[in-house]
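First comes the structure, then the notes that go with it.
Each value in this text was obtained by applying a stated rule to the coordinates, not by laboratory testing. Treat the numbers as computed from the prediction; the structure is a model and nothing was measured.
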Amino acid sequence: MHPILLPFVLSLFIFSALSYAKDSPENWYQIEYILFEHLNSDRHVLRFEDVKYDPVKREQYYYLTTNKNAASPYQLNEIEKTSSDFTNILSRISKSREVSIFSTGSWQQPIKRGQKLPPLKITGGQSYDNGKRFQLEGELQLRRERYMHAEIDVFLADFTPLPYDDLKTWVFEAEKTRWPLDWLLQPLAYLHPALTKVGESLVPENVIHFKQSRRIKDSEIHYIDHPALGLIITIKEIDPPFEYGDDSEEARL
């Protein structure tokens, strides 16, 4: 191809791709997942991992809700159990002594091909800092290309509270006034009344990072494994829950 024509051809390709994504039909999908921890797994393979606790922070997420009158478009309504394909699977996993369920979700939403969607926020396990932090935190990202794709990206950690808002405060505090190092390592020190004055920080320990992606064909059930965690997920195309053009409230309930 002549070099002069290359920019023109590339611009046509980009324009065609953007036009296709814009004009792509909006199909409805039902998504369901179960995220759990292996309680008796061999984590020997993780002993050499030095995982930095660094969850992605985004401006916008999807959130699951049971509120049928949710005002935000980023609140996804959880479906009824009678509509779920995971009812029996969830029941069996819940009875197992080998795993502990951290998070589940079942919902329906429209997705266009090539559409950039915010991920679903996922939390689970023990809560800290009055419910602001969780033992498990992360996200589930969906995207539609020729097939549907799902990417799980979560961190699992145990948090130890220390009596300072920021450890730098402790490092640079005068030696006469700062807490001794061995005090910071004593659980009883966390209950000291001084905590109300100097604050508290959470230090993650035993950090595990579970990040994998999978292409999912219609109605397939996929099991994504990890030495410490596991994800079961399915995505299937469904009929719209209402008729397009019918704006009545009854049609959308």
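Summary of values
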quantity	calculated
Net length gained if the chain between Ile101 and Ser219 were fully extended (0.36 nm per residue, minus Cα distance)	40.2 nm
Amide H within-cut-off set for Gly124, under 5 Å, with H built and near neighbours excluded	Gln135, Leu136
The range 51-136 - convex hull of the alpha-carbon atoms, volume per residue in Å³	177 Å³
